[in-house]
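K.L.:
Sharing a structure below in structure tokens format, with a few things to ask.
The values are calculated or read from the model by the stated rules, or taken from the named source; none is laboratory data. Note that this is a predicted model, so its numbers are computed, not measured. Every residue, glycine among them, receives a Cβ derived from its backbone with ideal geometry; neighbour counts consider all protein chains shown. The accessibility values were calculated without ligands, DNA or RNA, using every heavy atom of the protein model including side chains. Shrake-Rupley method; radii C 1.70, N 1.55, O 1.52, S 1.80 Å.
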Amino acid sequence: MASLLVTNLIAIVMMHTGVWLLSLVRRDASVVDLFWGLGFVLIAWVSVAKVNDTSPLAWLLVVMVSVWALRLSGYLTWRNWGQSEDRRYAKMRNHWGGWFPLVSLFTVFLLQALLTWIIALPVQMGIDAGGRIGAVAAVGVTAWAVGLFFEAVGDWQLARFKADPRNRGKVMDRGLWRYTRHPNYFGDFLVWWGLYLTSTESGVFLVTLVAPVMMSVLLMKVSGVTLLEGSLKSRVEGYEGYAQSTNAFFPWFPKA
């Protein structure tokens with residue numbers, strides 16, 4: 001197990017160092033977002049390649065991670081293609097000036113590599129331990145599928161809404177967005193709890209609990225809802241009223 005974890009850590013650090021070099025060539029640190037999902041794919045496939053006797057549970061985890069990650073990376077690439085650098089990284093670039101390349105290596109790229117490695121613990125340890133596909137895994141796959149639905153449909157609905165020039169600066173409060181202000185983040189939450197539950201069929205469940213808990217905190221309190229809400233309230237007409245009537249994260253019927 002230790003050998004597998006170390007191998008994956010080296011692999012993900014090498015990958016994100018390469019992405020950092022690409023960002024220097026393009027002068028755009030936003031490329032790191034396109035590789036977030038692909039880092040999990042790398043870890044999953046390196047894990048399954050390193051394990052001698054691959055179980056059905058291991059292959060199930062690989063498929064679940066790959067489907068989720070390839071959809072996410074494909075969508076982000078399509079959405080961001082031809083766009084300028086994300087305002088978060090542009091602000092950092094202006095603040096640090098000539099030091100930005102070095103600062104971004106540690107605070108953006110290598111930090112993301114470490115987070116990927118930790119959040120992928122259920123996948124890594126589940127693949128290594130192996131096991132059957134039982135009732136708990138079925139519950140996990142169901143949660144994962146519902147989460148993937150919320151992510152994919154939420155992203156598609158928002159993309160269609162933004163494509164209409166008449167909606168510029170307005171609140172997206174239709175479809176899944178009528179029941180939660182962030183269906184894509186809620187979907188991501190379910191995906192990773194689903195992966196965790198599926199991996200527990202291997203018998204490993206306590207040490208890997210850190211992964212879905214960390215992802216939940218990131219989505220709700222750090223880089224997800226909390227970070228985005230501040231800018232939306234200042235940029236989007238009517239967002240305050242929308243926020244008062246619609247749950248921020250967990251879906252529910254809007255308040256009257």
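K.L.:
Among the candidates ARG79, ARG71, ARG132, which residue alone is modelled with pLDDT under 95, part of a helix (DSSP H, G or I) and of a type outside the set (Phe, Trp, Tyr)?
P.N.:
Testing whether each residue is modelled with pLDDT under 95, part of a helix (DSSP H, G or I) and of a type outside the set (Phe, Trp, Tyr) leaves just ARG79.
K.L.:
A further question on this structure: Take the residues in the stretch 1-26 that are more than 25 Å from SER202 (Cβ to Cβ) and of a type in the set (Val, Ile, Thr), then tell me which one is surrounded by the most Cβ atoms within 10 Å (Cβ to Cβ).
P.N.:
VAL19
K.L.:
Go through the stretch 140-149 residue by residue and tally those that are open to solvent by 60 Å² or more (accessible area, probe 1.4 Å) and either over 12 Å from LEU190 (Cβ atoms) or among the aromatic types (Phe, Trp, Tyr) (or both). It would help to see each step written out before you state the result.
P.N.:
In the first step, residues of the stretch 140-149 are kept if they are open to solvent by 60 Å² or more (accessible area, probe 1.4 Å); the result is 142, 146, 149.
So of that shortlist, the ones also either over 12 Å from LEU190 (Cβ atoms) or among the aromatic types (Phe, Trp, Tyr) (or both) come out as 149.
The qualifying residues number 1.
K.L.:
Taking into account only those residues within the stretch 93-116 that are among the hydrophobic types (A, V, I, L, M, F, W, C) and open to solvent by 50 Å² or more (accessible area, probe 1.4 Å), which is nearest to VAL62 (Cα to Cα)? Give the derivation first.
P.N.:
Step one: filter the stretch 93-116 for residues among the hydrophobic types (A, V, I, L, M, F, W, C), giving 96, 99-100, 102-103, 105-106, 108-111, 113-115.
Within this subset, residues satisfying the condition of being open to solvent by 50 Å² or more (accessible area, probe 1.4 Å) are 96, 99, 102, 106, 111, 114.
Values: TRP96: 39, TRP99: 38, LEU102: 33, PHE106: 28, LEU111: 23, LEU114: 20 Å.
The qualifying residue nearest to VAL62 (Cα to Cα) is LEU114.
K.L.:
May I ask you to list pairs of residues, at least six apart or on different chains, whose Cβ atoms are under 9 Å apart, with the first in the stretch 234-256 being among the polar types (S, T, N, Q) and the second being modelled with pLDDT under 90 and open to solvent by 40 Å² or more (accessible area, probe 1.4 Å)?
P.N.:
Close Cβ pairs satisfying both conditions: GLN244/LYS255; SER245/LYS255; SER245/ALA256; THR246/LYS255; ASN247/LYS255.
K.L.:
On the basis of being touching an Asp or Glu at 6+ places or on another chain (Cβ under 8 Å), open to solvent by 50 Å² or more (accessible area, probe 1.4 Å), without any contact (Cβ under 8 Å) to a residue 12 or more places away in the chain and farther than 30 Å from ASP128 by Cβ, does LYS170 make the cut?
P.N.:
no
K.L.:
Now for a different question. So LEU70 fits all but one of (1) crowded, with 16+ Cβ neighbours inside 10 Å; (2) without any contact (Cβ under 8 Å) to a residue 60 or more places away in the chain; what number is the exception?
P.N.:
Among (1) crowded, with 16+ Cβ neighbours inside 10 Å; (2) without any contact (Cβ under 8 Å) to a residue 60 or more places away in the chain, the lone unmet condition for LEU70 is (1).
K.L.:
Select the helices (runs of 4 or more DSSP H) contained entirely in the stretch 188-256, then report the ones holding at least 3 residues which are surrounded by 12 or more Cβ atoms within 10 Å (Cβ to Cβ) and either more than 23 Å from the chain's Cα centre (by Cα) or modelled with pLDDT of 90 or more (or both).
P.N.:
Those helices (runs of 4 or more DSSP H) span 210-217, 239-245.
K.L.:
Do you know which of the residues in the stretch 44-63 that are farther than 18 Å from VAL204 by Cα and in a helix (DSSP H, G or I) is nearest to the chain's Cα centre (by Cα)? Step through it out loud before you land on a result.
P.N.:
First, the residues of the stretch 44-63 that are farther than 18 Å from VAL204 by Cα: 45-46, 49-50, 52, 63.
Applying the additional criterion that residues be in a helix (DSSP H, G or I) yields 45-46, 49-50, 63.
Values: TRP45: 18, VAL46: 19, ALA49: 23, LYS50: 25, VAL63: 16 Å.
Step by step, filter the stretch 44-63, then rank; the result is VAL63.
K.L.:
Now, a different point. Does THR180 qualify as being in contact with a helix residue (DSSP H, G or I) (Cβ under 6 Å, 6 or more places away or on another chain), of a type in the set (Val, Ile, Thr), open to solvent by less than 60 Å² (accessible area, probe 1.4 Å) and not in a helix (DSSP H, G or I)?
P.N.:
yes
K.L.:
Restricting the search to the stretch 27-57, which residues are out of contact with any Asp or Glu (no Cβ under 8 Å at 6 or more places or on another chain), among the aliphatic types (A, V, I, L, M) and open to solvent by less than 60 Å² (accessible area, probe 1.4 Å)?
P.N.:
VAL31, VAL32, LEU34, LEU38, VAL41, LEU42, ILE43, ALA44, VAL46, VAL48
K.L.:
Can you find, within the stretch 186-233, the residue that is nearest to ALA248 (Cα to Cα) among those that are among the aromatic types (Phe, Trp, Tyr) and in contact (Cβ under 8 Å) with a residue 24 or more places away in the chain?
P.N.:
Once the filter is applied, the top-ranked residue is PHE186.
K.L.:
Scan ALA137, ALA152 and give me the residue that is open to solvent by 20 Å² or more (accessible area, probe 1.4 Å) and outside any loop (DSSP other than H, G, I, E, B).
P.N.:
ALA152
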